[in-house]
1. List the aspartates and glutamates whose Cα lies under 17 Å from the Cα of Lys228, skipping any in the same chain that are fewer than 8 positions away.
2. Counting residues in the stretch 6-399 as N, plug N into 2.2 N^0.38 Å and put the Cα Rg over that result.
3. Mean shadow of the stretch 24-129, computed from the convex hull of its alpha carbons, in nm²?
4. Semi-axes of the chain's equivalent ellipsoid from the Cα gyration tensor, sqrt of 5 times each eigenvalue, largest first, rounded to whole Å?
5. Report the relative contact order of the chain, percent, no decimals, based on alpha-carbon pairs under 8 angstrom and at least 6 residues apart.
6. Which of the peptides 640-651, 380-391, 186-197 is most tightly packed, and how do the rest follow, judged by the mean count of other Cβ atoms within 10 Å per residue?
7. Answer rounded, prolate or oblate for the stretch 466-592, using the Cα gyration tensor with square roots of eigenvalues a ≥ b ≥ c: rounded when a/c is under 1.5, else prolate when a/b is larger than b/c, else oblate.
8. Tell me, how many Å apart are the Cα centres for the stretch 289-316 and for the stretch 493-553?
Amino acid sequence: MQRLSPDTYAARVIHGEYHPHLDGIRAFAVLPVVAFHILALLCPGGFAGVDVFFVISGYLITGGILRDLREGCFTVRAFYHRRIRRILPAYFALIAIVLMVGCALYYSRPLVHLSNTVMAATLFSANIYYSHINGAYFAPDIHDYPLLHLWSLSVEEQFYLGIPLLCAVLWRWRRALVAPVLAALAAGSLAASVWALRSGSPNAAFYLLHCRAWELLAGALLARACLKDAAGGAGAVAGRRLSATWASALASCGLLLVLAPYVWLSSQSAFPGLAALPSVAGTVLLIRFGNAGWVSRVLTWRPFVLTGKISYSLYLWHWPVIVFWKYAVYNQLIAADYVGMFLVSLALAALSWRFIELPVRASPAWTPRRTFLFAACGIVLLVGIGAACTASLGWPRVLHARANRLAKNELPSLFVQRLVDTGIRAGAIVGLQLANPFRDCFALSGALGVVGRPVEVLLVGDSHAWNLQYGLAMVLKEHNRAGYSLSHPNTFLYDVDDPAGKAVLDEVARRPAARQVILAAHWVDYAASQPQAWSRKLETFASRLAAMNRTVLITSDIPVFPYSPSDIAARMAIIPPRRVEPDWVEHAQPAAEYERTQGGINRTLAEICVRTGAKFVPLHTALRQGDRYPAFARDSNGPVPLYGDSNHLTHAGSMQAARFLAAYLKLETTPPPGGT
């Protein structure tokens, strides 16, 4: 019996025979992804490399399933045994090491974000988790997540939950239907992707399985076609019925279709949808004809083959390296950093491939029982640690206590809300109309002041209204009064024609004792997104409240920083920066800058107040000291953060703002029941 090398053995375990040009295609998939992530200018459309991976994966894995079915040796148990050995050891090692590095570098807030993604990634639901985060894949903020790239692995594993059973049922019932059913599913998935983009749901189109499955199914259809070829399996890639000239021409066309999107796509492109078709079609052609002509010589060039062999590990490791590197140097990048990120990623990928991937895939010690036990223990352990970190809010007293004092952050965790949103959307797919308790009942709402007394003050708005809840609750308690907050993040609640606005008005009508209504919001956002409509809608809303005989107070917004002062201060307590930027020294915004960015909005708010009889509250002046707006105050213990991020107040900042706001409220103190 011929003795196989570990890598050759592993390759044959996956797809029967080893074809070097497939590793070359993998190299043309992973290198653009890495280049795009390191510096988008190097390869503007490099993210399309993931689509190439999807097609290859669909071809190899489905091809293996169909071959086993043809030979009568397919079992679901054996399929997942191979799949776990292929994916999970390196995958779990990455997640565990990323979490350990996160504990070393991160203070509580980013560590909680990381622990949330650890749980989602471990359960292969990272794509669903990220689809519900505010901000698309190309938004800068989301690129601070070290496990962001695992969304694509989640898509694949969700796909492979269903495709083995589907193929097995169709094969044993009526195998002629395998290709038509796969083609119908691919067409439906592509249509869903296009529809999601056109209906304003780019996150769904990018992240979710039903919008991405067509790319994997394209590879699956190719695998079915190759299985029917007279040459059989992957050996049919050269194509017997075509001359060498035609095969080489089709391979050239495929390579062009794969490479072109890397140049003409960008983060501004509507993607995936139809924009992913060239990558998918090109990959299909390369798999089928890529071992012909000059393209074969390119794809089988040894550096490309070696890169393809470690492509899975390179994909796993490159993104955390980039995120942690940029975090550690405060994005103060020089040319050496870009080279360093690539070389470190390459080194870690080679080590992972050599010492984790190959030994596990080739070792006979990984019996099915041990493999499934490893998967179960890994999932329980990683999810348990992630849940403990989230529940403890990042172990703030244990890890980096000084940094956590500087980055005090009382913003609510929306992880549970995202899980609820996931359930709502999943229900919608199968036709269930489920209520969202967060959206219907205002996600950040709550009672303020003294419980049991009639509500006299209502606070309405987005997360910037929520900013005031803590301080306003304390002020109301001091005066023995009660209030209530109606707020939801990133939501304009002042549109009387919108269900959310109608719900607010209904709630106001339901509380006749609530004579004073405070409207607070991140006005800059709405002025940018609704430049002509926001002020008109707000004026109509305030007029409705005035008609209900309510006193309306419209607050100006707080200063917004171009960076998070508390984040920078906390990071500086853990990692010294290469250079301290001038703004970081005082962490203060000049009054002139606030006037430039928000002065016009405040004048519009004041004019609305004049026309509607509302009161304008210049809340921003509560945070002003001289000619600047500092982000930190001081007490006997040192700096006290007023901001939890670039535009949300901490409890200390909320108290400072609420005491200023109290002067505009009618809050004559009343004695408590039974008091004197």
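1. Glu17, Asp68, Glu71
2. 0.96
3. Reported value for the Cα convex hull: 8.8 nm².
4. That gives 54, 27, 23 Å for the three semi-axes.
5. Relative contact order comes out at 15 percent.
6. Most protected by this proxy first, the peptides run 640-651, 186-197, 380-391.
7. Judged from the Cα gyration tensor, the stretch 466-592 comes out prolate (a/c at least 1.5, a/b above b/c).
8. 60 Å
Rule-based calculations on the coordinates, nothing more; no lab input. Fair warning: this is a prediction, and the values are worked out from it, not measured in the lab. A quick note on method: Cβ atoms are made from the backbone with ideal geometry, for glycine too, and the neighbour counts reach across all protein chains shown.
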